[in-house]
Structure formats: C-alpha cells, structure tokens
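The structure appears right after this line, and notes come after that.
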Amino acid sequence: MNYQVNQNVLTIYLSGRIDSVNAESVSAEITEILSGNPHTEVVLNAEELQYISSAGLRVILKLRKNDPNLSIVGASSEVYDIFDMTGFTEMIHIEKAYRKMSVEGCPVLGQGSNGIVYRYDPEIVVKVYRNPDAIDDIKRERELARKALVLGIPTAIPFDVVKVDDRYASVFELLNARSFSSLIRENPNDADKYIDMFCDLLLQIHGTEVQPTDMPDMKQTAINWVKFLHDQLPAESYEKLLKLVTEVPERHTMIHGDYHTNNVEMQNGEVLLIDMDTLSWGHPIFELASMFLGFVGFSELDPEVVMKFLRLDRETAGYIFHRTLQRYLGTDDEARIQEVEDKARIVGYARLMRRTIRRESDTEAGQRMIEHCRERLIDLLSRVDTLDF
C-alpha cells in the first residue's frame, strides 16, 4: 500500500479489492502507516480501488473513528455508488472520480455568471462551471431541474458530471437542439413566432406554484442587493428602494432567474428550458428585472456586450424584450408596458450596480456603469411607488 505525506496531510492509496478475505490485513497495514507518519489529516485515494465490501466499509469506519476529518477522493462510479447506498457519503467527504472531456474548438452556445455552455457534438451539450469547487452547485442545479420537471416544466437534466481541465462540468443530452438566440438570428422573418413561444414558456413557468422550501426566495436575494447599496445612493433614494423591494407581495411563483434566449432551446419541435441553477420563487418582477438586464441593461453603454452575450444586435435584443412584455401583459398599451418595464428597471439597475461595484469598480468602464445605474435609479425612484403589477 503506497502513501505520502504532504504538509501534514497523509494520503493513502488504495487499490484492487477490500473484502472479507483481506480486510483484516488492510486494516493492520493502514494502522502501521498511521502510527509511523505524524499527520493532521488523512485522505484515502480510491482511484485504483475496484471494489469494497461491508468488511472493507468497517475498516473505513474504524479509521474515521480515530481520524474524524478523514476524506476519500477519486472513487469510481461503482465504488462511489457503494458508499452512497450505504450512507457513507453522508458521514464522510467522498469525491467521485470524474472522466475528463475537452471542449477545445467547441462552439459556445451561451455563457453567464456561473458557467459557459458548449455544443460538444450534435447530441451533447456541456456546461463548464467557473467555480473550481462547483460540485455542490452542480448537485443543487440537478435537484432544482428535477423538481421543475416534476412540476411540468420542460427541461434537460444532466446525466453526467465530468472534468474539463481543472473545472467541473455537467453533460446534457440535447439532440440537435438550437437556442432561440440562434433561431431568431438565422430566421429574422420568423422572430415574432419564436418570441411568442419564448413568452409562452415564461408564462408557463410563472403559472407554476412551488413550495418555498424547495427553492431559494428571490425576494430575499433582491433585498440583499439593495442593502449592499446603502452607501452608494442618496439616503432618500436608498430608503425608498429598500421599501419598494421589501413591500413586493409574496408569491410562490416559480422564477427561472436567468431567462433569456440562450437558455431556451428548440429540440425536435419541443421548447426546453436549460441552466436551472438560478431557479427560485417569488414575484415575477424579479424575473422581468433579470430579463431587462440580459436584453437591454448590460449593453446600454456598450452595444457589443449583448452581441457577445446573446450574439444578437442591440436593436433585436431590445425588440425581443419589448414584444415579450407586450405578450406577457396581454396589451398593446405602450403606457402600461413602460410602467411595468420601469419597475423591472429599478430592480435590474440595483442588481447591476451592485455587480459592477463588486467586479469592476477599479475600471473606467465600471465607474461609468455605476454612475449610469445611480442616475437611472434616482430618476425612476422619484416616479415609481410600487413594484407590484
């Protein structure tokens, strides 16, 4: 049995099988390694471990009793399943060994704050997460997608987790799927048809009621955005902004949280929703605020932003947002549409201002955007008295 010690971390490499035939000798060998190598943490590397029986699991339990911070890495799918079925994954930090994939040369279908989505081949789409420790995020997104599917929302659930360089990625089967961004870009004469389908799915999402315990509360997230701006706005504007968001009526409406034409796909005539990691519940104004940013807000000072993000020109993106609002509200009344858009802009600018302060406050472009959001918020807050609609 091989082992190494690095900065007081003792790594022991397991291989072959651990079962009733050799469990006692394996336990004795591990005990000898432990006693002869001072350490503060023990890691079992299971990359070469092919099988572990109940006798082997008892060896692990004995080891954990003496080293509570024990962790296991590199477990194959088969071995991981044994740990999972026996409840060991709830007691011990266990990492599965993930197969590796390369997305070099693969076209980018879309990207957001959490990851980049690639078309791997005609059947497979890969979402590579920016966070190098995204396993918990991936598990959460998969669970949210499952809940949405059960509630009738057409979506794709990842069937595998892989490594792309040093990042984790989810793998989806999306056979010949095309994003609505690409469909509208390549078929401008059919834009209204696709936008109407895009809006129909949005109405279906917002017509779905969820249990508050199943998903995050979007209103609380928005309140945190506002509180971040405490010292960035005049006192009167800040207090009104906080009051408006706090007083948004509570609704158990499903919200996607990142609804734009890159995250809606057409697959064999069926409309699918993807990128479910921002799924939450709350008032639809929070969804419309996110949509405003994606189609309009992010690119108000730089039209290249929306071209890079959605691969659509600013005029087309703005038209999509306006027509979606028109159909969503069921009205051609421009005053009504503008009224709701102004409410969405308030939440959107608050989110964008916070985001820019955190990410780009030390750049000239960032300072311009911060001031832009501040001016827009002060103006809108002087005219809007409720975010409800």
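The values are calculated or read from the model by the stated rules, or taken from the named source; none is laboratory data. Just so you know, these numbers come straight off a predicted model, no measurement behind them. Cβ placement follows ideal geometry from the backbone for every residue including glycine, while neighbour counts extend to all protein chains displayed. Each accessible area value is taken on the protein alone, full model and side chains, heavy atoms only, with ligands, DNA and RNA left out. Shrake-Rupley method; radii C 1.70, N 1.55, O 1.52, S 1.80 Å.
Which of the residues spanning region 244-301 are modelled with pLDDT of 95 or more and on the phi > 0 side of the Ramachandran plot? Residues satisfying the conditions are Gly257, Gly282.
Which residue is nearest to Phe286 (Cα to Cα), if the candidates are limited to region 221-238 and must be touching a helix residue (DSSP H, G or I) at 6+ places or on another chain (Cβ under 8 Å) and not in a helix (DSSP H, G or I)? Once the filter is applied, the top-ranked residue is Leu229. Checking Thr261 against (1) within 26 Å of Arg146 (Cβ to Cβ); (2) of a type in the set (Ser, Thr, Tyr); (3) out of contact with any strand residue (DSSP E or B) (no Cβ under 7 Å at 6 or more places or on another chain), which test does it fail? Result: Thr261 passes all but (3). When the residues of region 52-95 are filtered to those that are of a type in the set (Val, Ile, Thr) and within 16 Å of Glu24 (Cα to Cα), which remaining residue is surrounded by the fewest Cβ atoms within 10 Å (Cβ to Cβ)? Among residues in region 52-95 that are of a type in the set (Val, Ile, Thr) and within 16 Å of Glu24 (Cα to Cα), the one surrounded by the fewest Cβ atoms within 10 Å (Cβ to Cβ) is Val59. Of all residues in region 197-220, those satisfying the criterion of being out of contact with any helix residue (DSSP H, G or I) (no Cβ under 6 Å at 6 or more places or on another chain), open to solvent by less than 50 Å² (accessible area, probe 1.4 Å) and assigned to a helix (DSSP H, G or I) are Leu201, Leu202, Ile205, Lys219. Scanning region 82-90 for residues that are touching a strand residue (DSSP E or B) at 6+ places or on another chain (Cβ under 8 Å), modelled with pLDDT under 90 and over 26 Å from Met307 (Cα atoms) turns up nothing.
Pairing residues of region 363-377 that are touching a residue at least 40 places away in the same chain (Cβ under 8 Å) with residues that are of a type in the set (Lys, Arg) and crowded, with 17+ Cβ neighbours inside 10 Å, at Cβ distances under 7 Å and at least 6 apart in sequence or on separate chains, gives no pairs at all. What are the residue pairs meeting all of these: first residue in region 59-88, first residue in contact (Cβ under 8 Å) with a residue 40 or more places away in the chain, second residue outside any loop (DSSP other than H, G, I, E, B) and small (Gly, Ala, Ser), Cβ atoms under 9 Å, and 6 or more apart or on different chains? Taking only residues 6 or more apart or on different chains, the pairs are Val59/Ala23; Val59/Ser27.
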